[in-house]
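Below is one structure, written out as structure tokens; the observations come after it.
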Amino acid sequence: MLSRARRLNKQNDFDNIFQQGGSAQDDFLVVRFLPNHLPLSRFGLVASTKVSKKAVDRNRLRRQLSESIRLNLKRITPGWDLVIIVKPKMIGLDYGQIEKSLLGLLRKKKLYV
């Protein structure tokens, strides 16, 4: 689990990222990002009911993404707010594929070294 300082909680933060931030996407994820001018990066994870009607499935995807972020945190560029949005195709993927998709998008936008 990510520490509280590394999580986006306020609706205002999400709104700013969606209005002013850039994005990258593949078949499984959408990553929205915006500089935050802080010494650390913060993350928000979104898995709507369009992904799955079952809360168990949505929460599992969020936990797997959170763990992937936590394990790779040292290589993620600091100073960014990121919102990671899950697409319905992600249901049924194993952890390795989820991590590969996330890190591929972060590399694409030079947010992962």
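The values are calculated or read from the model by the stated rules, or taken from the named source; none is laboratory data. In this text the structure is predicted, and so the values were computed from the model without any measurement. As a convention, Cβ positions derive from the backbone with ideal geometry for all residues, glycine included, and neighbour counts pool all protein chains shown.
For the range 1-31, a tally of residues being part of a strand (DSSP E or B), farther than 15 Å from ILE69 by Cα and among the charged types (D, E, K, R) returns 0.
Just wondering, is there one or more residues in the range 10-25 that are in contact with a Ser or Thr (Cβ under 7 Å, 6 or more places away or on another chain), at pLDDT 95 or above and surrounded by 15 or more Cβ atoms within 10 Å (Cβ to Cβ)? There is no residue in the range 10-25 that is in contact with a Ser or Thr (Cβ under 7 Å, 6 or more places away or on another chain), at pLDDT 95 or above and surrounded by 15 or more Cβ atoms within 10 Å (Cβ to Cβ). Report yes if GLY21 is of a type in the set (Gly, Ala, Ser), on the phi > 0 side of the Ramachandran plot and touching a residue at least 12 places away in the same chain (Cβ under 8 Å), otherwise no. Spelling it out, it is not the case that GLY21 is of a type in the set (Gly, Ala, Ser), on the phi > 0 side of the Ramachandran plot and touching a residue at least 12 places away in the same chain (Cβ under 8 Å). Scanning the range 51-71 for residues being in contact (Cβ under 8 Å) with a residue 60 or more places away in the chain and either aliphatic (A, V, I, L, M) or assigned to a strand (DSSP E or B) (or both) gives a total of 1.
If we scan the range 38-50, do we find a residue that is in a helix (DSSP H, G or I), closer than 25 Å to VAL113 by Cβ and not hydrophobic (A, V, I, L, M, F, W, C)? No, that holds for no residue. Just one of the listed residues (LEU34, LEU40) is within 25 Å of LYS110 (Cα to Cα), free of Cβ contacts under 8 Å to residues at least 40 places away in the same chain and in contact with a Gly (Cβ under 9 Å, 6 or more places away or on another chain), and it is LEU40.
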